[in-house]
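**Q** I have a structure here, written as structure tokens, and I will follow up with some questions on it.
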There are 2 protein chains.
Amino acid sequence: MHIATSTDLLIEGRHFFSDVDPRALGHKSLAVNLSDLAAMGARPVGCVLGLALPQANESWLAAFAQGFHALADAHGCPLIGGDTTRSSHDLAISVTIFGAVAADRALRRDAAQVGDEIWVSGTLGAADVAYRLLDGQLPADAALLAATRRALEWPEPRVALGLGLIGVAHAAIDISDGLVQDLGHILSASRVGAQLHYDAMPVAPALHGLPPATLMQAVLGGGDVYELCFTAAADQHEQVLGAAARAGVAVTRVGHITQAPGMVVLDADGHPLSALPRGFDHFPVS
Amino acid sequence: MHIATSTDLLIEGRHFFSDVDPRALGHKSLAVNLSDLAAMGARPVGCVLGLALPQANESWLAAFAQGFHALADAHGCPLIGGDTTRSSHDLAISVTIFGAVAADRALRRDAAQVGDEIWVSGTLGAADVAYRLLDGQLPADAALLAATRRALEWPEPRVALGLGLIGVAHAAIDISDGLVQDLGHILSASRVGAQLHYDAMPVAPALHGLPPATLMQAVLGGGDVYELCFTAAADQHEQVLGAAARAGVAVTRVGHITQAPGMVVLDADGHPLSALPRGFDHFPVS
């Protein structure tokens, strides 16, 4: 077995709102790392947590710990160490996770093959819409927020699916910065291209009826998704569906890998979209 | 072999000054984690780095990386992954390190035995004095700062010593929050006490001539030391000295473990000091 590892640093005001439910924050802090293991097909083994807090607040900490440990227990991923300290301004959360994967069997970014089908688990777009509602970028809509907020705050890492895709899928990644951007990492690492069908995308049901531009941004460019995007040979189509069924997760074929580099997204009429939404930019030029 | 791991979260304004040399900061970010491995007697294997930056600054990053990688290379501890993101206010650095140690051979905090000699590597107090000079808590003294600053900014993790103490020492810890506080962790975990001799302490040479109260605070309570404090049976005295010589580090016997709980520090006349300095308090009551 090899050890797979992943680390994430979450900062108040950048990755979460200051008033987020601490139980949800505890859950998500671990979920984003479990999602990275899922994308490698690794089995979670344990994790460490670093917390920098502007002040010590016991009820906040208890709720954070509750959300964190509930997910850790569900995945057999005990917290084995950590560091708690005081921050100057921002709450900062660092999680590093360890997983086990059979040597040379891990799912990788650089393993996509020409002709592979491209798949996405779950649905797309809800977390992005919830984020934009909370951030005031979309007009207030309580019903829409209620229908999308869980996707943003309580993502379900696809660990069982990742394990089931070992030996079935070629390349995989989890969608943290948006489908276009994260699939782009697979394409450049594998030196291939992709053709996607916008109409095939598994849009979160709550999003139907949104303005087309908002919807496309959310589905193709929206981050914080924590679904898996993966590629598998066309003759593994049934095996992919079987692995997804066993993991209890829907998967949708959204396109295929091409020899020609670049990414083309076709609309319902077969015409390429002229401009693809951008994903999350960690260092935007202001 | 078992995997040993350690994680630290360093926050601007709490753990380092905003204008610190980024090369030194890169060194120290890894050094404090290597020091944790040293205290377990583990051999470094690899590390991951999370960086949250208020803005992207390429020359700063290049210098930080240079300091980090130079130490990583020196210890055969490659950077195997990471996460870079933008912070709201503070620069935050998270490092998680992995080490290998033979199963059931790791040095532990709970293994001190009554009668053990208590040892400290290197010298004590310089980092604390440098910190207080830079923070304005001590009157400006350019010569004293020049003589102590390296201890604060370029600590040398005692990895070789930790490896050499496997099978020789009983308990070990690295001194990050001050000798009294960190040795206190060994005492409570091992359910024993300690008697120390203040006159035996290996005071950093640059500190001679400081006011007695300042000196005692620095030596007994000063943090950021990253020397090892460890205990070993008296009949291992020569083996301890041999391991230290092979590691190229001075070690000093500063006291012994007692059955009676608590910590007593005797002065030159054999009288207990009435009040022991406090170590670093992560959440002081303001």
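The values are calculated or read from the model by the stated rules, or taken from the named source; none is laboratory data. This structure is a prediction, so every number in the text was calculated from the model and none was measured. Every residue, glycine among them, receives a Cβ derived from its backbone with ideal geometry; neighbour counts consider all protein chains shown. Heavy atoms of the whole protein, side chains included, go into the accessibility calculation; ligands, DNA and RNA do not. Shrake-Rupley method; radii C 1.70, N 1.55, O 1.52, S 1.80 Å.
**Q** Restricting the search to the stretch A:131-155, which residues are surrounded by fewer than 21 Cβ atoms within 10 Å (Cβ to Cβ) and not aliphatic (A, V, I, L, M)?
**A** Listed by number, the residues that qualify are A:R132, A:D135, A:G136, A:Q137, A:P139, A:D141, A:R149, A:R150, A:W154.
**Q** To continue, here is another question. Quick one: B:I173 ticks every box in (1) more than 21 Å from the chain's Cα centre (by Cα); (2) open to solvent by less than 60 Å² (accessible area, probe 1.4 Å) except a single one, so which number is it?
**A** So the condition that B:I173 fails would be (1).
**Q** Right, something else. Listed residues A:D21, A:D8, A:D83; which is farther than 19 Å from B:R86 by Cβ and open to solvent by less than 50 Å² (accessible area, probe 1.4 Å)?
**A** Result of the check over A:D21, A:D8, A:D83: A:D83.
**Q** Tally the residues that are surrounded by fewer than 24 Cβ atoms within 10 Å (Cβ to Cβ), within 18 Å of A:A275 (Cα to Cα) and small (G, A, S), restricting the search to the stretch A:213-257.
**A** The total comes to 4.
**Q** When both residues are 6+ apart or on different chains and their Cβ atoms are under 7 Å apart, which pairs have a first residue that lies in the stretch B:120-140 and is assigned by TED's automatic domain parsing to the domain that holds B:V203, and a second that is open to solvent by 60 Å² or more (accessible area, probe 1.4 Å) and part of a helix (DSSP H, G or I)?
**A** B:A130/B:R149
**Q** Considering only the stretch A:1-42, state which residues are under 20 Å from A:V159 (Cβ atoms) and of a type in the set (G, A, S).
**A** Correct list: A:A4, A:S6, A:A24, A:G26, A:S29, A:A31, A:S35, A:A38, A:A39, A:G41, A:A42.
**Q** Tell me whether the stretch A:91-101 contains one or more residues that are in contact (Cβ under 8 Å) with a residue 24 or more places away in the chain and open to solvent by 60 Å² or more (accessible area, probe 1.4 Å).
**A** No, every residue in the stretch A:91-101 fails to be in contact (Cβ under 8 Å) with a residue 24 or more places away in the chain and open to solvent by 60 Å² or more (accessible area, probe 1.4 Å).
**Q** Taking the conditions exactly as written (open to solvent by less than 40 Å² (accessible area, probe 1.4 Å) and either over 19 Å from B:G41 (Cα atoms) or in contact with a helix residue (DSSP H, G or I) (Cβ under 7 Å, 6 or more places away or on another chain) (or both)), does B:A206 satisfy them or not?
**A** Yes: the conditions hold for B:A206.
**Q** Now, a different point. Which of the strands (runs of 3 or more DSSP E) found entirely inside the stretch B:49-132 contain at least 3 residues meeting this: among the small types (G, A, S), out of contact with any Pro (no Cβ under 6 Å at 6 or more places or on another chain) and more than 14 Å from every other protein chain (Cβ to nearest Cβ)?
**A** Counting at least 3 such residues, we get no strands (runs of 3 or more DSSP E) at all.
**Q** With the requirement that a residue be within 12 Å of chain B (Cβ to nearest Cβ) and touching a helix residue (DSSP H, G or I) at 6+ places or on another chain (Cβ under 8 Å), what does the stretch A:1-28 give you?
**A** Listed by number, the residues that qualify are A:A4, A:S6, A:T7, A:D8, A:L10, A:F16, A:F17.
**Q** Okay, next question. For the stretch A:29-48, how many residues are farther than 17 Å from B:S94 by Cα and either hydrophobic (A, V, I, L, M, F, W, C) or not in a strand (DSSP E or B) (or both)?
**A** Result for the stretch A:29-48: 11.
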